[in-house]
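First comes the structure, then the notes that go with it.
Every number in this text was worked out from the coordinates using simple rules, so none of it is lab data. Please read these numbers as outputs of a predicted model, since none were measured by experiment. Here the Cβ positions follow ideal geometry from the backbone for every residue, glycine too, while neighbour counts run over all protein chains shown.
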Amino acid sequence: MDNRITILYIEDDPGSQVLVERVLGDAGFRVVVASRGLEGLEAAAKHLPNLILMDINLPDMTGREITTRLRADERFRSVPIVALTAQSQAGEREKAIAAGLTGYLTKPIDIDAFPSQVAHYLSGAKDAISLDALAQAQFEYNSELVLRLEQKVRELEQSNAELRRLDKIKEDFIQLTAHELRTPMTLIYGYSRLIQESPVVKRLKSESPEVKAFVDGLVESIERMSGVINEILTISRIATGRIELAIGPVNLMRTMERVLQDMSHIARQRNQSFTYDVRQFPTLLQADADLLALALSNVIGNAIKYTPDGGVISVTARTNPNSVVIAVKDTGIGINKEDQQRIFDRFYTANNTQLHSTSKTAFRGGGLGLGLAICKGIIEAHGGRIWVESEGRDEVKLPGSTFYIDLPLQAPAVRRVLT
Ligand code: ADP
């Protein structure tokens with residue numbers, strides 16, 4: 001157990017640090033050093049020093065500000081805090097006392113006298129100044145604080161504007177790149193379909209398993225790449241507020257039927273079945289038909305992706321006076337509680353989404369982690385809400401997940417949403 005008296009020295013100049021550490025160390029004190037204001041506050045809380053030596057000009061806060069901050073803390077209300085500074089202009093000492101410092105020593109230190117000067121303050125001594133001088137110094141210190149606050153607010157606003165500018169450049173770059181990639185991709189996609197449909201290729205595929213594997217692999221990869229590019233384009237539009245809703249009357253019954261129809265061939269490949277009753281869906285709501293269909297396809301597509309072969313996906317709707325709540329329930333692997341909010345963030349995927357192996361089947365899962373961020377952007381742009389409920393993730397018990405979309409029957413006229 002170290003019984004020595006602890007001195008905290010808050011100073012950014014290494015030369016002064018070494019000198020004071022040596023002189024006070026030789027005199028039997030334990031010296032702790034901090035180079036910045038915030039670091040000094042942390043060191044004070046950690047070491048609870050008997051006395052603090054304080055430089056006035058520090059990189060982040062002034063010694064006066066650190067002292068005022070320390071004095072607000074009961075633990076440091078009566079600890080001697082002594083300025084040790086090269087500043088010797090008139091009024092500096094008074095300002096330091098007004099800020100809560102106990103005393104004022106100037107650099108360079110007198111090596112012989114320094115330990116007894118410190119001991120003097122440790123014994124309870126305080127520098128005295130007249131009440132008039134104190135009142136004047138307090139006024140000056142307050143004005144200085146307000147000016148510094150103003151300057152910091154300006155700096156923050158400036159760096160915020162700069163960050164927003166850089167963020168916009170990044171979003172523009174992503175959008176431009178995805179856009180430029182989409183044009184050739186559309187052609188590649190079209191040609192790949194033509195190749196697939198061509199009688200010559202069909203014959204070759206039937207004659208050679210190798211050609212069939214090559215062509216199928218090519219087409220599948222092209223479809224995936226084209227899907228990714230479209231997702232990036234949509235999400236960057238949503239993020240930059242460049243997506244504007246084309247609100248019009250939507251027959252949700254028809255939209256749902258169409259989406260489920262489009263999805264049914266993928267579900268069939270996975271031997272999955274849909275259960276739904278289209279009559280539950282309202283036939284008239286005001287929304288952007290295409291974007292709504294995109295959001296619904298994403299949620300239903302996920303239900304298919306994250307449910308093993310043979311699973312069941314049920315889609316239901318409950319219409320309230322002003323809104324409709326759509327629920328998409330699957331019998332899949334489920335989602336852990338801690339992931340349930342984050343899966344709606346951009347590029348967030350719950351662990352190991354690519355390949356799943358459950359007690360029932362092995363199947364391919366994830367993508368880029370953009371689908372649900374897109375859904376959230378679209379649903380919130382409609383003034384609605386999307387969330388998920390699930391007991392947790394378990395690839396053996398398959399607890400399943402239910403995604404809810406609460407959609408107003410009347411979407412706000414134009415709404416831009418940042419995700
Ligand atoms: P991804 O392209 O990875 O599917 P999404 O944004 O659509 O991206 O989904 C994010 C993550 O949420 C997925 O990677 C997956 O871990 C999880 N997830 C989404 N839907 C389901 C679901 N129905 N069941 C289980 N996990 C899901």
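Return the total of residues in the stretch 109-142 being among the acidic types (Asp, Glu), in contact (Cβ under 8 Å) with a residue 24 or more places away in the chain and not in a loop (DSSP other than H, G, I, E, B).
Here the count works out to 1.
Inside the stretch 320-331, can you point out the residues that are of a type in the set (S, T, N, Q), surrounded by fewer than 16 Cβ atoms within 10 Å (Cβ to Cβ) and in contact (Cβ under 8 Å) with a residue 60 or more places away in the chain?
Asn322, the sole residue that qualifies.
Output the residues belonging to the stretch 276-315 that are within 10 Å of the ligand (Cβ to nearest atom) and assigned to a strand (DSSP E or B).
Ile313
Just to be sure I understand, how many residues within the stretch 42-57 are in contact with a Leu (Cβ under 7 Å, 6 or more places away or on another chain) and more than 17 Å from Phe29 (Cα to Cα)?
Total meeting the criteria: 1.
Looking at the stretch 87-115, which of its residues are touching a Ser or Thr at 6+ places or on another chain (Cβ under 7 Å) and more than 16 Å from Leu51 (Cα to Cα)?
Residues of the stretch 87-115 that are touching a Ser or Thr at 6+ places or on another chain (Cβ under 7 Å), as a first pass: 88, 99-101, 106-107.
Within the stretch 87-115, Ser88, Ala99, Thr106, Lys107 qualify.
In the stretch 332-344, what residues are in a loop (DSSP other than H, G, I, E, B) and free of Cβ contacts under 8 Å to residues at least 60 places away in the same chain?
Asn336, Gln340, Gln341, listed by residue number.
Name the single residue, out of those in the stretch 64-85 being free of Cβ contacts under 8 Å to residues at least 12 places away in the same chain and not charged (D, E, K, R), that is farthest from Pro108 (Cα to Cα).
Among those residues, the one meeting the criterion is Ala72.
As an exercise: evaluate Arg22 against (1) of a type in the set (Lys, Arg); (2) assigned to a loop (DSSP other than H, G, I, E, B); (3) closer than 20 Å to Ala113 by Cβ and give the number of the one condition it does not meet.
If we test Arg22 against (1) of a type in the set (Lys, Arg); (2) assigned to a loop (DSSP other than H, G, I, E, B); (3) closer than 20 Å to Ala113 by Cβ, just (2) comes out false.
Do any residues in the stretch 224-250 that are touching a residue at least 12 places away in the same chain (Cβ under 8 Å) and farther than 12 Å from Leu181 by Cβ have Cβ atoms under 6 Å from those of residues that are in a helix (DSSP H, G or I) and basic (Lys, Arg), where the two are at least six apart or on different chains, and which pairs are they?
Listed pairs, sorted by first residue: Ile243/Arg237.
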